[in-house]
Amino acid sequence: MDYYYSFNKYLRKTFSTKVHRIGLNAGFTCPNRDGTLSRDGCIFCNEKGFSHFAGTALPLKTQIETSMDFLKDRFNAEKFIAYFQNATNTYAPIDKLRESYDTIRSFPDIVGLYISTRPDCIDREKLDLIESYSGDYDVWIEYGVQSAHDATLEKMGRSHTFSQSLNAIKETSRRKIKVGAHVILGLDKETKEDVIHTAETLAKLPISGVKFHALHVLRDTRLERLFKKGDIALPELSQYVGLVCDFMERLSPECVILRLVSDAKKEVLVAPGWINGKQAVIEEVKNEFKRRMTRQGVYYRPV
Ligand code: SF4
């Protein structure tokens with residue numbers, strides 16, 4: 001039984017074949033790091049923790065070729081999604097963005113363009129550009145929403161508010177672009193009611209997918225310092241599973257679950273270790289839905 005609408009299911013339905021996502025580092029930076037908004041970054045951010053190519057300066061073309069070769073050899077992969085993953089992937093002059101996104105046009109096996117960014121780094125010109133790929137590709141923008149609570153966003157050092165996420169989501173959804181919302185669960189001091197409020201708020205918005213991230217500590221971050229001082233608690237696996245189920249129960253059954261849990265490279269992960277046991281998390285989520293006798297969407301209230 002399918003308890004939720006997984007990303008794999010969405011890909012099979014859309015492309016009728018297995019599609020692999022290639023995480024890319026286009027060399028963009030972030031206004032929350034370069035001094036425009038802040039020099040501190042979000043409290044959990046370690047840029048080395050992003051894609052496989054984090055910390056490298058390889059040309060995009062080489063990154064794509066290397067990943068495709070690997071995935072073709074290992075999994076007989078045929079189709080691919082170019083996922084602009086590192087840092088803020090709409091934070092550059094429009095010509096630089098066009099040049100970066102256009103790289104995918106040299107690869108006929110690429111079928112999707114996914115762009116991860118902050119909600120305060122988008123405008124009409126950038127949306128026009130991104131929409132221009134929609135005739136040839138499955139186009140998504142994934143916004144780092146994280147929470148619908150401004151107090152939480154402030155504690156995380158995000159340097160944006162929820163109303164900026166709201167505006168970005170609404171503006172983007174008017175285009176031929178699918179909107180994904182990146183959400184962090186297990187945030188210190190956020191109650192179950194806070195999480196449910198974020199879920200119910202997002203469920204009323206024109207989003208096509210949600211990507212879940214379990215709060216975790218990476219090396220060389222402000223969160224690591226807080227964690228080591230005992231100032232921040234991390235979610236246990238059972239707590240996280242409960243929150244993910246609470247959240248999904250309130251989303252539309254049509255909303256794609258782009259990811260159930262984040263993982264992290266071993267060399268930068270401090271805690272909790274369970275996030276890297278992805279299959280175990282998936283099993284626990286299924287067991288929890290079974291125990292509750294619920295599934296994604298049971299408490300969804302269409303607007
Ligand atoms: S917005 Fe993204 S890239 Fe920028 S500091 Fe936060 S997590 Fe890092």
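The values are calculated or read from the model by the stated rules, or taken from the named source; none is laboratory data. None of these values were measured; they are calculated from a predicted model. For neighbour counting, all protein chains shown are included, and Cβ atoms are generated from backbone atoms with ideal geometry for every residue, glycine included. Surface areas here come from the heavy atoms of the whole protein model, side chains and all, with no ligands, DNA or RNA. Shrake-Rupley method; radii C 1.70, N 1.55, O 1.52, S 1.80 Å.
Please identify, among ALA87, ALA181, ALA57, the residue showing maximal mean-square fluctuation in a Gaussian network model of the chain using a 10 angstrom Cα cutoff.
ALA57
Compute the distance in nm between two label points, each set 7 Å from the Cα along the Cα-to-Cβ direction, one at LYS170 and one at ASP34.
2.9
Among ALA203, HIS182, VAL241, flag the residue with its Cα farthest along the positive direction of the charge dipole of the stretch 7-292, charges on Cβ as +1 for Lys/Arg and -1 for Asp/Glu.
In the stretch 7-292, that residue is VAL241.
In whole Hz and in residue order, list the ³J(HN,Hα) couplings for the stretch 23-36 that follow from phi through the Karplus curve 6.51 cos²θ - 1.76 cosθ + 1.60, θ = phi - 60°; x for Gly and Pro.
x, 10, 10, 8, x, 6, 10, 8, x, 8, 10, 8, x, 4
Check each of the GluC sites (Glu not before Pro) in the stretch 38-132 and keep only those in coil by DSSP with at most 15 other C-beta atoms within 10 angstrom; list them in order.
GLU78
Ignoring ligands, DNA and RNA, what percent of the accessible area of the chain is carbon or sulfur (1.4 Å)? Mind dumping the intermediate values first?
On the way: 6800 of 13990 Å².
Solvent-exposed carbon and sulfur of the chain make up 49 percent of the total.
I need the trypsin sites (Lys or Arg not before Pro) found in the stretch 146-232, filtered to DSSP loop residues with at most 15 other beta carbons within 10 Å of theirs. Write down the numbers at each step before the final one.
Values: sites: LYS155, ARG158, LYS170, ARG174, ARG175, LYS176, LYS178, LYS189, LYS192, LYS204, LYS211, ARG219, ARG222, ARG225, LYS228, LYS229; in loops: ARG158, ARG174, ARG175, LYS176, LYS189, LYS204, ARG219, LYS229.
Passing both the DSSP loop test and the Cβ count: ARG174, LYS176, LYS189, LYS204, ARG219, LYS229.
Only Cα pairs within less than 10 Å get springs; with that Gaussian network setup on the chain, which residue of GLU200, GLU224, GLU283 has the largest fluctuation?
GLU283
Accessible area per residue, 1.4 Å probe, Å², for the chain: what's the number?
Values: 13990 Å² over 303 residues.
Using a 1.4 Å probe on heavy atoms only, each residue of the chain averages 46 Å².
How much of the DSSP beta bridge set in the chain is antiparallel, as a percent to the nearest 5? List each step's numbers first, then the result.
Values: 2 of 35 bridges.
So the antiparallel bridges amount to about 5 percent of the total.
Based on Cβ point charges of +1 for Lys and Arg and -1 for Asp and Glu, what charge dipole magnitude is obtained for the chain about its Cα centre, in debye rounded to the nearest 20? Don't skip to the end; give the middle numbers.
Numbers: 45 positive and 40 negative charges, 97 e Å.
That gives a dipole near 460 debye.
Which of the cysteines in the chain are isolated, no other cysteine C-beta under 4.7 Å?
Lone cysteines by the Cβ rule: CYS30, CYS121, CYS245, CYS255.
Need the full-extension length gain, ASP150 to ALA57, defined as separation in residues times 0.36 nm minus the C-alpha distance. One decimal, nm. Before the final figure, lay out the partial values.
Values: separation 93, 0.36 × 93 = 33.48 nm, distance 3.49 nm.
Additional length available on full extension: 30.0 nm.
Which value in deg cm²/dmol, rounded to the nearest 500, describes the helix-derived mean residue ellipticity at 222 nm for the chain, given -39,500 (n - 2.57) per DSSP H run of n ≥ 4 and division by the residue count? Each step should come with its number before you reach the end.
On the way: 10 runs with 108 residues, N = 303.
Computed ellipticity for the chain at 222 nm equals -10500 deg cm²/dmol.
Comparing ALA203, ALA92, ALA214, which has the greatest mean-square fluctuation in the GNM of the chain with Cα pairs linked when under 10 Å apart?
ALA92
Which three extents, in angstrom, do the Cα atoms of the stretch 7-292 have along their principal axes, listed largest first?
The Cα atoms of the stretch 7-292 stretch 48, 45, 39 Å along the principal axes, largest first.
Name the residue farthest towards the positive end of the dipole of the chain from the options SER67, THR103, THR152, assuming +1 on Cβ of Lys and Arg, -1 on Cβ of Asp and Glu, about the Cα centre.
The residue sitting most towards the positive pole is SER67.
Would you mind classifying the stretch 151-211 by shape? Square roots of the alpha carbon gyration tensor eigenvalues, ordered a ≥ b ≥ c; an a/c under 1.5 is rounded, otherwise it is prolate if a/b is larger than b/c and oblate if not.
On the way: a/c = 2.34, a/b = 1.62, b/c = 1.45.
Verdict is prolate for the stretch 151-211.
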